[in-house]
Structure formats: C-alpha cells, structure tokens
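No value in this document is a laboratory result; all are computed from the given coordinates. This structure is a prediction, so every number in the text was calculated from the model and none was measured. Cβ: placed from backbone, ideal geometry, glycine included. Neighbour counts: every protein chain shown.
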2 protein chains.
Amino acid sequence: MRVFNFSAGPAALPEPVLRQAAAEMLDWHGSGMGVMEMSHRGPEFIAIHAEAVALLRELLAVPANYRVLFMQGGGLGENAIVPLHLLGRNPRADFVVTGAWSKKSFREAQRYGSISLAADAAVDGRYRGIPPASAWKLDRAAAYVHICTNETIDGVEYFFTPDTGAVPLVADASSHLLSRPMDVSKYGLIFGGAQKNIGPAGLTIVIVREDLLGQAHALCPSAFEYRTVAEHESMYNTPPTYAIYIAGLVFKWLAAQGGLAGMEARNIEKADLLYRAIDATGFYTNSVAPDCRSRMNVPFYLHDERLNAPFLKGAEERGMVQLKGHRSVGGMRASIYNAMPLAGVQALVAWMREFEKAHG
Amino acid sequence: MRVFNFSAGPAALPEPVLRQAAAEMLDWHGSGMGVMEMSHRGPEFIAIHAEAVALLRELLAVPANYRVLFMQGGGLGENAIVPLHLLGRNPRADFVVTGAWSKKSFREAQRYGSISLAADAAVDGRYRGIPPASAWKLDRAAAYVHICTNETIDGVEYFFTPDTGAVPLVADASSHLLSRPMDVSKYGLIFGGAQKNIGPAGLTIVIVREDLLGQAHALCPSAFEYRTVAEHESMYNTPPTYAIYIAGLVFKWLAAQGGLAGMEARNIEKADLLYRAIDATGFYTNSVAPDCRSRMNVPFYLHDERLNAPFLKGAEERGMVQLKGHRSVGGMRASIYNAMPLAGVQALVAWMREFEKAHG
C-alpha cells in the first residue's frame, strides 16, 4: 500500500511514528484526549515538550550554553529572523552561496544590513561544489557568516565545518539536520524547518548560543524574538503542539536506530548505492563534485530529456513517487532522508537499470 | 474513554475529524502516503489546500475582494505582522482594549507606530464589558482600528460590529472565528490562530481586503508579507500542511452541522445553559455584562475560593478537564468551542448543582 516517497519535503516519515500517532489520535496515554487537543499549559503537553527538547539535545549532543527553540515560520522565516537578531549591533554579515537556498537567504538578509558575498559557487548559474574555505573573503569584523549546509535543489552538502574564528557561524541545516552527528559547538546558530528529517511542516528548530540572545532589532516581532522564546521555553505564543509531538516520536525512533551515528551509516549506504548507480554508465549523470554530493538530495539527469516522462511514469507504476527534479533545474531528484528505507533506494536503482536496458 | 475537554486552546476537536485523520495517517485516499508526508507542491496536497480555502470562503461567505491566507506565528505573531503591514504609510492606529489579548496587541503595536487607546474597558484592572462604540475616541485619520472580538481570559465577546467608517477595522477573532456567521465585509482584516475552533496550533488564518495588501514595512519578513503570501497562494514558504488538512476536515464537519448558522444555534444553547446555571444562585458568579458574555469562554468563580480545588478534583473524576481559570484571573473557566458537545455542558452543569448541594 505505501509508496516510496522521494519528496524533498515535506517528506516521508518513519512508519512506526505514523502508526503510533494514529493509535494515539483520540486518546494519548489514557488522558482521554488527543495531543492536538491538549492545552500547551497542561501537564501532558508540558511533558511531551520537555521530552522532545531533551531527546533533541541528547541526539545532537547540544552543549549546555545553547538553547533549543521550537518556533514557526520555516527556513524562509529565519532568513529574516536571523538578521533581525544578529545585525542589531553590527550590520555586516558574510554569506557563502552554494545553491538556491543560501542565495535566497543572502537576498533576504540584504534588507536588514550590509551583506557581503564571501563566496559564490555558481558556475554558469549552476551549483556543483563548495569553494574551499581558504578562498572565502571573510570580514573579521562581521556579525556572522551564513552557510546552507545542505542545498536540496542543487544536491550540495558540506562535509566540513568552516572555521570562522570569533565570528559566529550560522547554518541553515533544514535539509540534513539529524541525518548525521554535527558539532554544534562550532556554530553560533543552527536553524531548520522540520519537514525533512524531523516532522511536520510548520515547526522550525533553532539552536542558538546563549550569548547571541538579546540582540534583536527593535522591530523584531516579539513572537519571533529568540530571547523571549527562550525565556518562555518556546511557549510565548502557542507552539505548534502536534508537530512538536511528532518530532518527539521521530527523535525516539532515531535513538532506536543507534542515534545520529547509526543514522549516518545508513544514509551513507543509501547514498553510495544511488551515486554508484548514477555513475555506472553515461546514461545518468550527476555533476556535483564528489566531495560535496548530498546524501539527502540526489539530483540526476537522464542523458536524453525526452526520456524523463517515461522514466517518471514507470517509477510511479512501481510505487516510487516525487522523483521529478525541482522546476528550476529539471531532471530528476531523489530525496532520501532518514525515513527512506534502503529498500526504497534499492527499488529505485533496480528501476534505473531496467529503464536503461530498455532505452539505452 | 474520551474526556470533556474545556481547554481554552489548543482545544477539543470533533471526534469524526480525529477518526478520519487517524484512519488516513499512513495512506490518504490511496496515495500511499500520509498527508504529513506530502510535498506541498504535489497534486494531492494542492487539492487538499484548495478545498480548505474554498470551504472556509463558503462557510464565512468571504467576499471576492478578500484574500484568505494560511500563515504561521499565531495571534501573537499577527500582533506585530498587522502593524508591520498597515502602518507602512500612516503610523497612527486606534486600539480598543477589552481584555488581556487586546491589551497585548496594543502593547506590541506600540513598537511599530503611534498607537492610541480609543477605549479601555478596564475597571479595577478587570474586564467585564465593552464601552459603547459611540464613546470610543476614534481618529478619523488612523490607519486602522484594532479590536479583539472575543477575549478568552476575560470572557468578553462582541455581539455588534463597530462602524469605523473609512478606517479599516482589524479583528483578532482567534477564539470565536467560525463559531457563528460574521459579516467579513465590515472588516479590513480578520486574523486568528486555529487552535480554538479550527484545527491544530501552528496555523494562523488571515482574511484581508485586497486593497490593504502591498503596504508592508520594508523590514517585514518576506515569509510573513501578506502580498507575497497571497501571490503564492500561501505557499511562499512551506505551509503547515497537516494543520491545513485538519482544518479542512473541520470545515467539512462544520458544513455538515448546518454551517455557521447551525453552529451558532448550538453554541447559544450551550452558553445559555451554562450562564443560567451560574446565575441561578449566589454560589457561582460571572460578572461580565450580559450583552457581551462570551459564548466560547465562560469564566466563573465559586463563592468561596477554598472550594476551587475540590470542585476541580470532582470534575476530573467525572471526566471534565481543563476547567481551571487562567492564572492571571483565577477561578474557573469553561471553554465551550464548537467541538464541545451539549452533553459536555450538561455534565458540567450537573456537577455544579451536585457540588453546590454538597457545599452550599
């Protein structure tokens, strides 16, 4: 019945999480109500919330001097909320553009300060690599440096953490957060929409070093002010309670998979299998530099564009959906987040081989 | 198994909605995926979204020159987002304070413009009525007039629509939106968090007259800019897809109840029953003026505060939860939104009588 869903997000969720959510929909743990119906001030939801925060801190080994905030507005919201906070005292920031999302962040930030392009990976308008950090034009007096650690459209992922010295590093990690361990201490702020590896759309995770709180621009809406959100344990406004509950279930599932190290091993296995299949012949291509090929989002092209439609049609007939590439770049894209089982990638690779034989 | 949940929000949802959501959790309409997992750009979710918008427009009879936006950030978010939009050309706005929420809105707006208190209903710090519109000190050159049409903490509801002439009327209708018909054409903008009568927390409804779009302050985050959101059919950033789906199921349930007129009749019956029980003897009191007693949130006090704990304990034992009043005002509060069945209010009234006999 279930398909293999290669959507870039919102994306597949672990089946055990969905089964538990369905079973608890009308009655959570004998409370006589579903989680969606609970007051965010009641003891049941406060316990759900506290457990989710604790699990996330444990999974990512978040240091004690960082706050974990559950917010709303998604990555695009943070594109404004981050500069509204960090440019309050110093209007200069450096951006490294390695794909469509960091480009969007760069543009939005320009409304809030004096923003420099420290590096731009575009070649002929396409993104296929990450310029070495040694080549970035960094301003030592900048308020922060922004990077997008995984670009969903271009399939470009950071496998190194740039050293920005005393300047806080801000990462939009929306599309690979919790897919592998991450040294949080090397970042000033990490944000991400939940709808890739974490839970439902509408929940935004912000992990911020405490010394960066309290610098917000006077016009930053209170509901999005990090310090206010932190002081109220993410309950200044009513939080997206159901999304937090689902995220908590995903965190438990992740812990049962061996945590982020266990997850990373599985994700490497899936990604390697798929990239090997792409590289095997000239029928399929992915031109991202090998050292930054995303393990989460794998764009690829058929050697003849006229084959796109039959490839997608055959995939759908075999229970594989959402393989069409982003409209801005065309081709195919397989998003293989945490919840995508190895069997899904194996099925895709089998279909790629079968299709190639028929059309090669 | 299910309790009667009198929470002020997030609040009880109709059981048929929860049952359908549970049944469709892993597979929506044979798509092989749950709604939470769907790409917001896929045909399945686009259909879900379009139907939800259409149903909401039909239920509220939204005129053609108004846009319906599904946003994030809740009512507290809108407290900043509204002035960030409407004060772009003219910094003056009038606020009418009739309870804790309009007071919060008034304070947040002061960060964005020159805000006047057109009327303040507070008497000894408490809110028990709405000053007649004829007594409001309205500025004919203001950019807008803000009211909160139902105050959840104080239990004060508007049963008239003030005439503000050419000045747009903005209503925070979070806690009674869809509980009864509303003449949208009399408002410039109506907003509300979903977590009372509509669906899960994390979805914000904005209904805005088209001529008010496009006036946003230069620093308004793009993700919250009404024109941008409208131009992208609420999909500029990834919308809270699951919350929109649940809201759509609630809208269908509402239509099956006879629409908002049918719902209003039931809500009047429930509220009348409860207020009659409160007024019957001096054991319970509610001091809100009769012409603005909220049909949604019914605060009341026991004549002796020492009886609060046993009253709440007995209610819980009888399957009635979340009756404790807001911490700022004490006492009791019964929130009886659309999804609270008459049987829930009957059970509460029976318990009130029983308790009074035992302690009267």
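Listing for the model above:
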read-out	value
For chain A, built as a Gaussian network whose Cα springs stay under 10 Å, the top-fluctuating residue of A:Ser102, A:Ser185, A:Ser31	A:Ser31
Label-to-label distance, nm, for residues given as A:Leu273 and A:Gln110 (7 Å Cα→Cβ offset)	4.3
Between the range A:246-262 and the range A:161-177, the alpha-carbon center distance in angstrom	23
For peptides A:66-73, A:227-234, A:117-124, sequence by mean Cβ density within 10 Å, most packed first	A:66-73, A:227-234, A:117-124
Cα pair distances in chain A, grouped into 20 Å bins until the bin that holds the longest one, percent each	30, 56, 14, 0
Across the identical copies, how the A:Ala309 labels are spaced - nm, sorted shortest first, 7 Å along Cα→Cβ	7.4
Chain A: DSSP helices with Cα axial extent of at least 24 Å and average Kyte-Doolittle hydropathy no lower than 0.0	A:43-60, A:342-359
Teacher prompt: B:Pro290 distances to equivalent labels in other copies, 7 Å Cα→Cβ, nm	8.5
Debye intensity ratio in log₁₀ form over the Cα atoms of the range A:154-216, taken at each q of 0.29 Å⁻¹	-1.34
Rg and Dmax [Cα atoms of the protein assembly as shown; Å; Rg one decimal, Dmax integer]	26.3, 88
Reachable lysines from B:Lys357, criterion Cα separation under 20 angstrom, eight or more residues apart if same chain	B:Lys313
Gaussian network model of chain B, springs between alpha carbon atoms under 10 Å - residue of B:Asn90, B:Asn338, B:Asn197 with greatest fluctuation	B:Asn90
Label-zone membership for the range A:280-306, site A:Arg126, 7 angstrom Cα→C-beta point, backbone N under 18 Å	A:280-294, A:297-306
Label point 7 Å beyond Cα along the C-beta direction, distances from B:Pro16 to other copies (nm, shortest first)	3.6
FRET E, pair B:Glu58, B:Arg353, Förster distance 35 Å, beta-carbon r, rounded to 0.05	0.30
Cβ neighbours within 10 Å from other chains - mean over B:224-230	1
Under 15 Å from the Cα of B:Lys137 - aspartates and glutamates, other chains or at least 8 residues apart	B:Asp94, B:Asp120, B:Asp163
Cβ-based exposure ranking for B:Cys292, B:Cys220, in which fewest neighbours within 10 Å come first	B:Cys292, B:Cys220
Alpha-carbon Rg with Dmax, taken over the range B:114-232, Å	15.3, 47
Inter-chain shielding of B:37-46 (mean C-beta neighbours from other protein chains, 10 Å cut-off)	6
Under 23 Å from B:Lys196, Cα to Cα: lysines that are on another chain or at least 8 residues apart	B:Lys103, B:Lys104, B:Lys186, B:Lys252, B:Lys270, B:Lys324
Separation of alpha-carbon centers, the range B:65-144 and the range A:346-360, rounded to whole Å	61
Helix-derived mean residue ellipticity, 222 nm - over the protein assembly as shown, DSSP H n ≥ 4, -39500 (n - 2.57), to 500	-10500 deg cm²/dmol
Max mean-square fluctuation residue, GNM over chain B, Cα-Cα springs under 10 Å, options B:Glu24, B:Glu78, B:Glu151	B:Glu24
Whether the range B:182-234 is rounded, prolate or oblate, judged on the alpha carbon gyration tensor where a/c under 1.5 counts as rounded	oblate
Surface/4 of the Cα convex hull for the range B:259-359, nm²	6.4
Chain A, relative contact order in percent, only Cα pairs under 8 angstrom and at least six apart counted	23
